[in-house]
Protein chains: 2
Amino acid sequence: MTSMNQPMDELYINTIRMLSVDAVEKANSDHPRAPMGLAPTAYLLWTRFLKFNPRNPSWPDRDRFVLSAGHGSMLLYSMLYLTGYDVPLDQIKQFRQLGSTTPGHPERGDLPGIEVTTGPLGQGFANGVGLAIAEAFLAARYNRPGHAIVDHHTFGIVSDGDLMEGVAMEAASLAGHLQLGKLIYLYDQNSITLAGSANVAFTEDVAGHFSAMGWHTQSIDGMDTGAVRQALILARAVTDKPSLILARTHIGYGSPNKQDTFGAHGSPLGVDEVRATKENLGWPLTPDFYVPDDALKLFRAAGEAGSRRQEDWEARWQSYAAAHPDLAAELDQARSGTLPDGWDSDLPVWTAADKPIATRKASEAVIQAFFPKLPGFIGGSADLNPSTNTVMKGAGDFEPPLKPDGSIQGASGGNWGYDGRNIHFGIREHGMGGAVNGMAAHGGVIPFGATFLVFSDYMRGSVRLSALSHLHSIWVFTHDSIAVGEDGPTHEPVEHVMSLRLIPNLTVFRPADANETTSGWRVALENDGPTALILSRQNLPILDQSGAQGDASQGAYILVDASKHQPEIVLIGTGSEVQLCVAAREMLEAQGCRARVVSMPSWELFDRQEASYRTAVLGPDNTPRLSVEAGTTIGWSRYTGPHGGSFGIDRFGASGPGDKVMAHFGFTPENIAAGAFRLLGRPELAKQIVQRPQPSSS
Amino acid sequence: MTSMNQPMDELYINTIRMLSVDAVEKANSDHPRAPMGLAPTAYLLWTRFLKFNPRNPSWPDRDRFVLSAGHGSMLLYSMLYLTGYDVPLDQIKQFRQLGSTTPGHPERGDLPGIEVTTGPLGQGFANGVGLAIAEAFLAARYNRPGHAIVDHHTFGIVSDGDLMEGVAMEAASLAGHLQLGKLIYLYDQNSITLAGSANVAFTEDVAGHFSAMGWHTQSIDGMDTGAVRQALILARAVTDKPSLILARTHIGYGSPNKQDTFGAHGSPLGVDEVRATKENLGWPLTPDFYVPDDALKLFRAAGEAGSRRQEDWEARWQSYAAAHPDLAAELDQARSGTLPDGWDSDLPVWTAADKPIATRKASEAVIQAFFPKLPGFIGGSADLNPSTNTVMKGAGDFEPPLKPDGSIQGASGGNWGYDGRNIHFGIREHGMGGAVNGMAAHGGVIPFGATFLVFSDYMRGSVRLSALSHLHSIWVFTHDSIAVGEDGPTHEPVEHVMSLRLIPNLTVFRPADANETTSGWRVALENDGPTALILSRQNLPILDQSGAQGDASQGAYILVDASKHQPEIVLIGTGSEVQLCVAAREMLEAQGCRARVVSMPSWELFDRQEASYRTAVLGPDNTPRLSVEAGTTIGWSRYTGPHGGSFGIDRFGASGPGDKVMAHFGFTPENIAAGAFRLLGRPELAKQIVQRPQPSSS
């Protein structure tokens, strides 16, 4: 097989190829041939371009690399092993096996050097945009003349599949708008997808498409190391546009019978074809996992060079810290992942005498109180700032330094540039989700993304990955129930709070009033994983906490206990329905029924409490409990127990003024009290309170 | 206020504007000014272009209109009223009120003439692509020379917000690839979004972007009726590309103080500004909801003209039916929404002696058995055909008539053209979801979309709308648990089955073996709403049904009863876990414990059964029940009752061979039997069976 590359280059490239081929073959599972086509690119990236230090994978100024085409995971594992990360060859041999650190798709945390978890297509693309946003923000905020202490690139490899996904298109449009010049993606244009030729579904002019979105594009032969090198140099020189390098590659390169075929995508080569490929490429047939000494030496040298680059950087950092001690201290603090002392000293407290306020508005007040003390807190909404109330006032707009023509309406009233902390994601929920995850993965910032709760559906793929990757992403979901009102059922969440609770590792917090909103933000900021804050559109009264036992940070607590002794019934409410429970309790007590109200903003936090606390809150097992939440009732029997019931809505909502919609579906104190009496087997008292139809219950 | 349009045109246009303004003002809720800017377009569309018959909104050959920018609903309601649909003016006056048929966003079924439910941005755009796909398919299959009995356009109005959403970008790329020439969208380019100027987040070259995706584009002044008219004529003349007309409009046109302002988007004009606007446009200040006779006459005449167009079409239909009686009968049948007699006569039946088979493979066999008898059954996967096993063999590929260059790999082996029934959606789950909903809304076809279950997250917005709109969309989700194996946690659904069950109106069906898969397809096809079929990657044995009481179509049934008397415990399994329950039951019975196995493929179907049947299946309330499903346990206490437990997985999965992953997380008969013994308070017997750690339970 002839090649346009130098023989030594081919040796290095084939080393990468064959490690992947052997690992996939041993696993007898996976797609081996994306790595085969991408090996020249990987070789160049790691030996000539990427700034990295295998000895310190968390060096803050390293370049970030994202393998958005996560199904080519062996390419990444190979590079990490070869360049000297703490990745034993044995783990390469255990590729895709239970208990290994080399799963089918790369997972952040499993191996050093893996920046983000990829596999679900398009997510890595959007993560990279977030990584570049974080870099641009930190550089603008902290660099000073002569001190470019934040100055790194985000490189990525993306596939046909990534470029078809909406999440990537949203992120691409945003990256172009933001002129993220340090973002450089290589598009592995192999024209093959799992189902066949990409041309059965994907015939657009990708370069034209990206140009129109404000990207710099180049089209090259991805098998030619000279061309790849030139393209990367040029991409790096373009500083006001993100770059897409369309690299034509040959999937399964080197395999005599499976190169460029659709069959090459879905399964291993097979023993015979592995042999034929090795013969074809002039590779020793044995041993498996053969790494020539020369190759290992070269790749390890690249790792060593990176180590020296970090040493240089550390020296520059010291000089920066001497010249700008406050900034250096602030950045150190932000990167530490901990919150500075006193960050919470001005958090607002409301009293029961204060006017009712929507929790989204309370959230706005909480944000204003802490954001000046948390310089790394950045984010924004999917074009719903005036509604989600998430703007940091006066903190500037994260926008490219050149002002666009025309007046800027809706800006937050501060600077306009990369040091702005309010990000305008556009109406791109999924792209926002992926970008926020990328920012969280970068470090140095605490990112958030906001939209209406009903549109959490649009970004569920990213919310899930934030949970799977244990990222400190904060999701703010407002307009949290049928009380949304006039916008109608398309905009009224019903199943959403519960569906978020189903996602492992995600903390869901739905505050009942302004003070619980403060608690929710505290939880979100102190959490080391992702949190979803669920906020109301409508005003809610400030709850009287004078009888409270426990507090919101425990996930659930007794807000008002029964008048005496053990309660006959426990009303468990969340969010805007807690106030209804309080009023219903009054009615029950007025009839001589001992009722307790529990406010339960967060299942996950409550489940983490000691059993004794949980029992103290919920009462003994045989206590009848009625859950009250303006959402699906499925799931609530987890807490309501054998004699309990659930008051919710198991159908879609309706368009009308929010308070009327709530009443229409039975969310009134009278109905809740009546439901409680029915649960207690006293239908005559229920009838006395209300004539309405029975609420939905399960 | 001067205008470039003729005075009578302005009268008609202002009639549309003022109806919207008054309705929004009365509702004191909504965005009134998109309709104000779009009124010239709407006037022209309904009086000069749209083929519609208000007397028969379901005329099959009508043009379809989609208001993707659903927040401009009053524009659509105004046009329906003015042109003579059965929409009382009183309902216009009840805009956004509880119980009205004029909700905040247009809902299919609420008023005649509303083709699809819109509001969540981007969905309508994707629906329109599906409507155009259905038209192209039906035209290709049924038209004959001289008989163009399927020949209509899909028009739509889309907003900035639509064009930022990934779901729309996916659908746009697909539409361009498919060369859907009868799809014509007007882009309301008003440069204003809810959060401010669109240029804070959206600065791409939209025309260039769409050109690169294969669309025909024009940029015009959207306030100039002459320009709009010419653009629509030209768009209609381009038959091999979908069209995007970029129409610059003025949001809030005519309002002296709120035109072109961001504040115009989120709230009503207010009494003073309504007055000022009326004065500015020379409109009578009273009465509200004023419709000049001349205007009503003109719009009603347009409706009458449509009525005559349908008469013409009916005559042509008769001539077609005479010439091609078989085709006409087939199309009539397909449009009826019922299934033809004998459609199910060849459905496969498996016996317990047959080899184990994955339910995705069984599904493939079922599809092959019915698709020849259901000519309207069309669909495909998001580039996962070889894995979802949803190809109709020999039924052709739905592709534009011109073959692309190069060989076509992965095609289904039939024709290549608009009469092909296998659609290659590309790796575009959300766009697929929206398009499938559009096809279902069109009628004449029964569409399906397929992907891996974990990626149902990517298209959840569309799945929800299929349920809200009661569309006959069929969702096929394969690779349904951690048994996916090597691809690892990014590809292993855990929370997904339950999260789909939370969506109202959606029937979720997870068959336990090949025969239940046949039942599932029967349910999906006979359902008049949406169904999600949840299928396994891995092989499953054919269950012995000889002891069954009831069947899968009832949602749950006794698969194997206890050996005698009432069971001491009921094991409730779904999908691939039912076989584990059967084996666990053997172990329990061997120890003298009377155990029943219930297979429960569908909660929704089971909930619809008589109470007596449900009790017969689940046993009396005090029967301990153990649910077994390789997914989140939240929700299962609904069925397991006061003494029950749940066997599931409440964390993310792991990468490894599927059977090892399942065993690692405890999904073995031994563990299930041990769990049952523990539930029954007999830990010593549990210990005897297995030494493993206790499974996750709640």
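The values are calculated or read from the model by the stated rules, or taken from the named source; none is laboratory data. Everything quoted here is computed from the prediction, not taken from an experiment. FYI the Cβ positions are ideal-geometry reconstructions off the backbone, even for glycines, and counts take in every protein chain you see. Heavy atoms of the whole protein, side chains included, go into the accessibility calculation; ligands, DNA and RNA do not. Shrake-Rupley method; radii C 1.70, N 1.55, O 1.52, S 1.80 Å.
Classify the range B:616-698: rounded, prolate or oblate, from the alpha-carbon gyration tensor (a ≥ b ≥ c, eigenvalue square roots; a/c under 1.5 rounded; otherwise prolate if a/b is larger than b/c)?
Details: a/c = 2.41, a/b = 1.35, b/c = 1.78.
Oblate, since a/c reaches 1.5 and b/c is not below a/b.
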note: the range B:566-683, Cα-Cα separations exceeding 25 Å make up a percent value of 19
I'd like the orientation of helix A:429-442 relative to chain A: the angle between its Cα long axis and the longest Cα principal axis, in ° from 0 to 90, rounded to 10. 70
For B:Val617, tell me the accessible area in Å² from a 1.4 Å probe, rounded to the nearest 10. 0
What shape does the range A:53-212 have by the C-alpha gyration tensor, where a ≥ b ≥ c are the square roots of the eigenvalues, rounded means a/c under 1.5, and otherwise prolate means a/b greater than b/c and oblate the rest? oblate
For the range A:143-223, which whole-number percentage of the solvent-accessible area (1.4 Å probe, protein heavy atoms only) is attributable to carbon and sulfur atoms? 48
Points 7 angstrom from Cα along the Cβ direction at B:Arg275 and A:Asp332: gap in nanometres? 6.6
So the angle from the long Cα axis of helix A:7-27 to the longest Cα principal axis of chain A, reported in degrees to the nearest 10, equals 40
Given a 1.4 Å probe and the protein chains all in place, what does the accessible area of B:Met79 round to, in Å² to the nearest 10? 0
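When the accessible area of the range B:549-593 is computed with all protein chains present and a 1.4 Å probe, what percentage of it is carbon and sulfur? Can you show the working numbers first?
Values: 700 of 1500 Å².
That share works out to 47 percent.
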Folded to 0 to 90 degrees: helix B:271-280 orientation relative to chain B principal axis, Cα: 40
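For the range B:99-225, report the accessible area per residue in Å² (1.4 Å probe, heavy atoms, rounded to an integer).
Details: 2380 Å² over 127 residues.
Counting only protein heavy atoms, the per-residue value for the range B:99-225 is 19 Å².
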Chains B and A: accessible area buried, summed over both chains, 1.4 Å probe, nearest 100 Å², reads 8500
The range A:82-120: which residues show an accessible-area loss of 30 Å² or more, assembly versus chain alone, 1.4 Å probe? A:Arg96, A:Gln97, A:Leu98, A:His105, A:Glu107, A:Pro120
Hits among aspartates and glutamates - C-alpha to C-alpha of B:Lys361 under 16 Å, sequence gap 8 or more where chains match: B:Asp480, B:Asp513, B:Glu516
Chain B, closest residue to the rotation axis toward A, by beta-carbon, whole angstrom: B:Gly166, 1
Between A:Arg682 and B:Lys564, what FRET efficiency comes out of the Förster formula 1/(1 + (r/R0)^6) with R0 = 45 Å and r the beta carbon distance, rounded to 0.05? 0.65
Accessible area expressed per residue, the range B:546-628, with surrounding protein chains retained (probe 1.4 Å, Å²): 36
Leaving out ligands, DNA and RNA but keeping every protein chain, what accessible area does A:Thr225 have, in Å² rounded to the nearest 10, with a 1.4 Å probe? 10
For peptide B:456-469, what's the mean number of Cβ atoms from other chains within 10 Å of each residue's Cβ? 6
Label spacing, shortest first and in nm, from A:Ala353 to its equivalents in the remaining copies (7 angstrom along Cα→Cβ): 8.6
Students often get this wrong: which residues of the range A:598-632 have the backbone nitrogen under 17 Å from the point 7 angstrom along Cα-to-C-beta of A:Ser546? none
For the protein assembly as shown, what proportion of DSSP beta bridges, expressed in % and rounded to the nearest 5, is antiparallel? 15
Could you tell me what percent of the accessible area of the range A:324-483 is made up of carbon and sulfur, with a 1.4 Å probe and every protein chain present? 53
At 7 Å along the Cα-to-beta-carbon direction for both A:Asn622 and B:Leu347, put a label point, then send me their distance in nm to one decimal. 4.8
Just which residues of the range B:497-532 lose 40 Å² or more accessible area with every protein chain there, against their chain alone, with the probe set to 1.4 Å? B:Leu502, B:Pro504
Heavy-atom accessible area per residue, the range B:371-519, 1.4 Å probe: how many Å²? 18
Rounded if a/c under 1.5, otherwise prolate or oblate - the protein assembly as shown, Cα gyration tensor axes: rounded
